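Participant: Structure in structure tokens, see below.
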């Protein structure tokens, strides 16, 4: 299991996909926030792949909410996918599954 | 079992590993183990942010004691006492950026209490073990 967080960005047509891996906690969430907000500036449609995230805490969730707010304020679309395991558990416990647009698969993001 | 870690977020994973291993050894199922690990991580993060105001050179003590019925975690620090309103947990709304950590702790753990002892803040978090829950439900 990757102990630290990693992020990489790729393009699929008009969509910018950010693949996240590892553990997101108080130590790594500031970098996450910065990475996601910077990526959002360059696109109108961003998808965040959380399939490789083994752990996320409330500071990571707060970063996602901040990016969602920024997307809403700038009329951009933000989608999460790969939401499972520990990530899904935290989103459910914080009652946020209905707040984010969540796709089941990357295929759904690309063709949905 | 006792762990003393610096109040530096880089060491959060050490506390998480201890809590996860203790929970697994005590027989908590995977989902509950992940939840307890998250709750304790949130508690340690709260100490770093609120008690120590992001000073990374202080000490946080995590004490774990288990018996057949429950695991009791005690978190001790010498930072500023918590705001009672924050300890009580704030109601969640969709757009709030803070207060979710305390909500998570309350949602996951069976007991949560705070006191000051010997000049230290002590947060006590208790998780009942599955057999104890079955026994309680059947009594």
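The values are calculated or read from the model by the stated rules, or taken from the named source; none is laboratory data. Given the structure is predicted, the values throughout are model-derived calculations rather than measurements. Methodologically, a virtual Cβ is constructed for each residue, glycine included, from the backbone with ideal geometry; neighbour enumeration extends over all protein chains shown.
Participant: Just one of the numbered conditions (1) under 15 Å from the mean Cα position of the chain (by Cα); (2) surrounded by fewer than 21 Cβ atoms within 10 Å (Cβ to Cβ); (3) in a helix (DSSP H, G or I) is not true of residue B:38; which one?
Facilitator: Here residue B:38 clears every test but (2).
Participant: Moving to a separate point now. Out of the residues in segment B:114-125 that are within 10 Å of the chain's Cα centre (by Cα) and farther than 15 Å from residue B:33 by Cβ, which is surrounded by the fewest Cβ atoms within 10 Å (Cβ to Cβ)?
Facilitator: B:124
Participant: Sort through A:95, A:10, A:33 and tell me the only one that's surrounded by 14 or more Cβ atoms within 10 Å (Cβ to Cβ) and at pLDDT 95 or above.
Facilitator: Only one candidate qualifies: A:33.
Participant: Give just the number: which of (1) farther than 22 Å from residue B:42 by Cβ; (2) crowded, with 17+ Cβ neighbours inside 10 Å does residue A:41 not satisfy?
Facilitator: Answer for residue A:41: the failing condition is (2).
Participant: In addition: Identify all residues within segment B:3-33 that are over 17 Å from residue B:74 (Cα atoms), within 12 Å of chain A (Cβ to nearest Cβ) and loosely packed, with under 15 Cβ neighbours inside 10 Å; write none if there are none.
Facilitator: Listed by number, the residues that qualify are B:30, B:31.
Participant: I'm checking my understanding of the structure. Among residues of segment A:70-86 that are at pLDDT 95 or above and buried (at least 18 other Cβ atoms within 10 Å of the Cβ), which one is nearest to the chain's Cα centre (by Cα)?
Facilitator: Filtering segment A:70-86 for residues that are at pLDDT 95 or above and buried (at least 18 other Cβ atoms within 10 Å of the Cβ), the one nearest to the chain's Cα centre (by Cα) comes out as A:80.
Participant: When you check residue A:7 against the structure, is it more than 11 Å from chain B (Cβ to nearest Cβ), under 23 Å from residue A:73 (Cβ atoms), in contact with a helix residue (DSSP H, G or I) (Cβ under 8 Å, 6 or more places away or on another chain) and in contact (Cβ under 8 Å) with a residue 12 or more places away in the chain, yes or no? Step through it out loud before you land on a result.
Facilitator: Values: more than 11 Å from chain B (Cβ to nearest Cβ): yes; under 23 Å from residue A:73 (Cβ atoms): yes; in contact with a helix residue (DSSP H, G or I) (Cβ under 8 Å, 6 or more places away or on another chain): yes; in contact (Cβ under 8 Å) with a residue 12 or more places away in the chain: yes.
Answer is yes for this residue.
Participant: Mind telling me which of the residues A:103, A:51, A:62 ends up being within 12 Å of chain B (Cβ to nearest Cβ) and surrounded by 15 or more Cβ atoms within 10 Å (Cβ to Cβ)?
Facilitator: Details: A:103 fails: within 12 Å of chain B (Cβ to nearest Cβ); A:51 fails: within 12 Å of chain B (Cβ to nearest Cβ).
Residue meeting the stated conditions: A:62.
Participant: Name, by its number, the condition in (1) over 14 Å from the mean Cα position of the chain (by Cα); (2) over 19 Å from residue B:12 (Cα atoms); (3) within 14 Å of chain B (Cβ to nearest Cβ) that does not hold for residue A:111.
Facilitator: (3)
Let's see how each residue does on (1) closer than 18 Å to residue B:13 by Cα; (2) free of Cβ contacts under 8 Å to residues at least 40 places away in the same chain:
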| position | (1), (2) |
| --- | --- |
| B:27 | no, no |
| B:30 | yes, yes |
| B:47 | yes, no |
| B:50 | no, yes |
| B:60 | yes, no |
| B:65 | no, no |
| B:68 | no, no |
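Participant: Within segment B:41-62, which residues are away from every other protein chain (no Cβ under 12 Å) and part of a helix (DSSP H, G or I)?
Facilitator: The one that is away from every other protein chain (no Cβ under 12 Å) and part of a helix (DSSP H, G or I): B:51.
Participant: Also, I was wondering about something else. Picking from A:20, A:93, which residue would you name as being within 14 Å of chain B (Cβ to nearest Cβ) and on the phi < 0 side of the Ramachandran plot?
Facilitator: It is A:93.
Participant: Which condition from (1) closer than 26 Å to residue B:107 by Cα; (2) touching a helix residue (DSSP H, G or I) at 6+ places or on another chain (Cβ under 6 Å); (3) more than 10 Å from chain B (Cβ to nearest Cβ) is the one that residue A:57 breaks?
Facilitator: Checking residue A:57 against (1) closer than 26 Å to residue B:107 by Cα; (2) touching a helix residue (DSSP H, G or I) at 6+ places or on another chain (Cβ under 6 Å); (3) more than 10 Å from chain B (Cβ to nearest Cβ), the one that fails is (3).
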